[in-house]
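Here the structure comes first, spelled out in structure tokens, and everything after it is commentary.
The values are calculated or read from the model by the stated rules, or taken from the named source; none is laboratory data. What you see is a predicted model; the values in this text were computed from it and never measured. Virtual Cβ from ideal backbone geometry, glycine too; neighbours counted across all protein chains shown. When the accessible area is computed, the model is the full protein with side chains, heavy atoms only, and any ligands, DNA or RNA have been set aside. Shrake-Rupley method; radii C 1.70, N 1.55, O 1.52, S 1.80 Å.
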Amino acid sequence: DTAVSQTPKYLVTQMGNDKSIKCEQNLGHDTMYWYKQDSKKFLKIMFSYNNKELIINETVPNRFSPKSPDKAHLNLHINSLELGDSAVYFCASSLGLAGVGDTQYFGPGTRLTVL
Amino acid sequence: DQQVKQNSPSLSVQEGRISILNCDYTNSMFDYFLWYKKYPAEGPTFLISISSIKDKNEDGRFTVFLNKSAKHLSLHIVPSQPGDSAVYFCAARGGANNLFFGTGTRLTVIP
């Protein structure tokens with residue numbers, strides 16, 4: 001009974017392709033996030049949505065477009081994939097935004113490899 | 001521009017002894033600090049946290065200490081167990097629940 005799930009777990013694709021990663025949480029949380037962990041193990045936030053509204057949009061290329069069809073889902077679409085996009089992408093969710101108890105819960109990650 | 005740093009990439013400790021993992025940060029506006037534990041092929045799992053208005057928080061074998069003047073926090077695990085072997089990430093919270101992570105410290109507890 002996974003709290004935050006991501007599909008696929010592994011994704012291998014050619015440069016220039018368009019791909020999507022899906023994320024779903026069954027915790028009833030209002031806020032969802034996408035993080036990228038690069039080859040240096042640096043885990044950095046990319047986007048944050050609260051009740052389907054974009055809250056955080058860090059300096060990420062326009063090729064990355066998050067989509068939140070409802071509170072329980074936050075999908076990540078990547079256009080024209082580049083070699084530098086190879087990383088592990090983690091989805092996370094939290095109940096709210098600023099409370100002390102708004103711990104973020106992470107999915108298992110999606111390892112993207114661009115050839 | 002890394003605002004949260006974990007300068008020790010790895011740490012080995014004997015079972016039963018204390019593990020001390022360290023973390024430094026640069027932004028004095030961070031209001032909340034967290035430790036996450038990560039096993040291979042899994043996402044980070046929340047372990048323990050501390051508000052910036054406190055200097056210590058304890059939960060079982062885990063204690064987090066915060067030294068705001070030094071912009072330093074540490075995680076103490078005592079006694080260490082083999083199951084504690086994992087990568088530990090320090091994180092600090094900025095606005096809108098934006099977490100800034102360190103690069104992690106791989107803890108190995110030797111039986």
Report summary line: Only unsatisfied item for B:G43, checking (1) surrounded by fewer than 19 Cβ atoms within 10 Å (Cβ to Cβ); (2) outside any strand (DSSP E or B), is (1)
Query raised in the report: Residue check, A:K40 against (1) farther than 16 Å from A:I21 by Cα; (2) open to solvent by less than 20 Å² (accessible area, probe 1.4 Å), all met but one. Which one?
Result: (2)
Report summary line: Among the residues of region B:3-19, the number that are in contact (Cβ under 8 Å) with a residue 24 or more places away in the chain, within 14 Å of chain A (Cβ to nearest Cβ) and part of a loop (DSSP other than H, G, I, E, B) is 4
Query - Tally, over region B:56-111, of residues that are among the aromatic types (F, W, Y) and touching a Ser or Thr at 6+ places or on another chain (Cβ under 6 Å) - result: 2
Report summary line: Of the candidates A:A87, A:A72, A:A92, the one satisfying the condition of being facing chain B (nearest Cβ under 10 Å), small (G, A, S) and touching a residue at least 24 places away in the same chain (Cβ under 8 Å) is A:A92
Requested in this report: Identify the residue in region B:92-105 that is of a type in the set (G, A, S) and more than 7 Å from chain A (Cβ to nearest Cβ) and, among all such residues, is surrounded by the most Cβ atoms within 10 Å (Cβ to Cβ).
Outcome: B:G102
Query raised in the report: Do you know which residues across region A:5-33 are outside any loop (DSSP other than H, G, I, E, B), within 14 Å of chain B (Cβ to nearest Cβ) and either open to solvent by 20 Å² or more (accessible area, probe 1.4 Å) or in contact with an Asp or Glu (Cβ under 9 Å, 6 or more places away or on another chain) (or both)?
Result: A:S5, A:Q6, A:T7, A:Y10, A:E24, A:T31
Query - Residue count, region B:73-91 (criterion: more than 11 Å from every other protein chain (Cβ to nearest Cβ), in a strand (DSSP E or B) and closer than 18 Å to B:T45 by Cα) - result: 6
Query raised in the report: Can you name the residue in region B:68-91 that is touching a Cys at 6+ places or on another chain (Cβ under 8 Å) and either more than 20 Å from A:Y33 (Cα to Cα) or small (G, A, S) (or both) and, of all such residues, is surrounded by the most Cβ atoms within 10 Å (Cβ to Cβ)?
Result: B:L73
Query raised in the report: Does region B:20-30 contain at least one residue that is touching a residue at least 40 places away in the same chain (Cβ under 8 Å), among the aliphatic types (A, V, I, L, M) and outside any loop (DSSP other than H, G, I, E, B)?
Result: yes
